[in-house]
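Step one of this worksheet: look at the structure below.
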């Protein structure tokens, strides 16, 4: 099987190649590195348009050459320049042609360094891709021999969350990595009052966390029954007055990968990232894989078969 790395023609290329190499090495996958350029205009185009097309083709070739130099020696990679009206459409076409399992992208240069930021291509794919989409934090780097060491599944005890955990467990087992199930309890700071409102909100938050922990234990019992299990299994709840604090509280390490599910409001077979998932992704300090519900179901079934 294969994963497709979307290759930008700027500083984001290094992050995308580093992330693609780590994932390919961990999952024993081949890599297709793809940069997309618009197709030529119809014959008879003006000289300026022809020169611009030549510039695009040359910049794509240069990007591919730089990507070859960045690619780790132990990764089997194919390099492709695809013609398409949009980058997202071109990447999906190449992924379909090569039977890819994952789409890998970097973050927007407008984002915070070390956090995931959606560019226009990522935003479109996060609402249309039939494949899981992996996003690296801006400036992501890793050692040439890096592997995924732990997969953290974001768990909200909602419809589809259990399937995401089972799917993440299967991926973790394939990579020889640990599994962590994480829920996030966010309680914004309240104005100073007599204290009744604050205590009531705190009680609600801890009650929700207790329910989440119970649901976590139930799904981890399913993980324990899988034919192939992750190298280690744990669960955690992160508390914070905002999403950044709650996500940071659980702690992160090199080799971590965060798995987030699609919104139930979207189509089954495609990624459709909701507001909660979007907040988690945008505050993640580690690479994030966003999994369509249909793909989560298929991965969970595969994990159940071993």
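The values are calculated or read from the model by the stated rules, or taken from the named source; none is laboratory data. Just so we're clear, the structure is a prediction, and the values are computed from it rather than from any experiment. Here the Cβ is made from the backbone with ideal geometry for all residues, glycine too, and neighbour counts use every protein chain on show.
Numerical summary
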{"quantity": "Residue that is modelled with the highest pLDDT [pool: residues in the stretch 1-20 that are out of contact with any helix residue (DSSP H, G or I) (no Cβ under 9 Å at 6 or more places or on another chain) and more than 15 Å from residue 100 (Cα to Cα)]", "calculated": "19"}
{"quantity": "Boolean, residue 121 is more than 19 Å from residue 273 (Cβ to Cβ), at pLDDT 90 or above, in contact with a helix residue (DSSP H, G or I) (Cβ under 8 Å, 6 or more places away or on another chain) and not assigned by TED's automatic domain parsing to the domain that holds residue 277", "calculated": "no"}
{"quantity": "Only listed residue being surrounded by fewer than 18 Cβ atoms within 10 Å (Cβ to Cβ) and in contact with a helix residue (DSSP H, G or I) (Cβ under 7 Å, 6 or more places away or on another chain), chosen from 78, 109, 87", "calculated": "109"}
{"quantity": "Residue within the stretch 161-169 that is in contact with a strand residue (DSSP E or B) (Cβ under 8 Å, 6 or more places away or on another chain) and modelled with pLDDT under 90 present", "calculated": "yes"}
{"quantity": "Qualifying helices (runs of 4 or more DSSP H) (wholly inside the stretch 215-306; at least 2 residues being modelled with pLDDT of 90 or more and surrounded by fewer than 18 Cβ atoms within 10 Å (Cβ to Cβ))", "calculated": "243-249, 293-305"}
{"quantity": "Residue among 68, 115, 101, 58 that is free of Cβ contacts under 8 Å to residues at least 40 places away in the same chain and closer than 18 Å to residue 19 by Cα", "calculated": "68"}
{"quantity": "Strands (runs of 3 or more DSSP E) wholly inside the stretch 1-119 containing at least 2 residues that are touching a strand residue (DSSP E or B) at 6+ places or on another chain (Cβ under 6 Å) and under 25 Å from residue 150 (Cβ atoms)", "calculated": "2-6, 30-37, 100-105"}
{"quantity": "Residue match in the stretch 135-150 (condition: within 17 Å of residue 4 (Cα to Cα), crowded, with 21+ Cβ neighbours inside 10 Å and either assigned by TED's automatic domain parsing to the domain that holds residue 71 or touching a helix residue (DSSP H, G or I) at 6+ places or on another chain (Cβ under 8 Å) (or both))", "calculated": "yes"}
{"quantity": "Qualifying residue in the stretch 183-203 (condition: under 25 Å from residue 23 (Cα atoms), surrounded by 12 or more Cβ atoms within 10 Å (Cβ to Cβ), in contact with a helix residue (DSSP H, G or I) (Cβ under 8 Å, 6 or more places away or on another chain) and modelled with pLDDT of 75 or more)", "calculated": "yes"}
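This table checks each residue for (1) more than 16 Å from the chain's Cα centre (by Cα); (2) at pLDDT 90 or above; (3) within 30 Å of residue 302 (Cβ to Cβ).
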position: 22; (1), (2), (3): no, yes, yes
position: 34; (1), (2), (3): yes, yes, yes
position: 38; (1), (2), (3): yes, no, no
position: 42; (1), (2), (3): yes, no, no
position: 54; (1), (2), (3): yes, no, no
position: 70; (1), (2), (3): yes, yes, no
position: 91; (1), (2), (3): no, yes, yes
position: 102; (1), (2), (3): no, yes, yes
position: 112; (1), (2), (3): yes, no, no
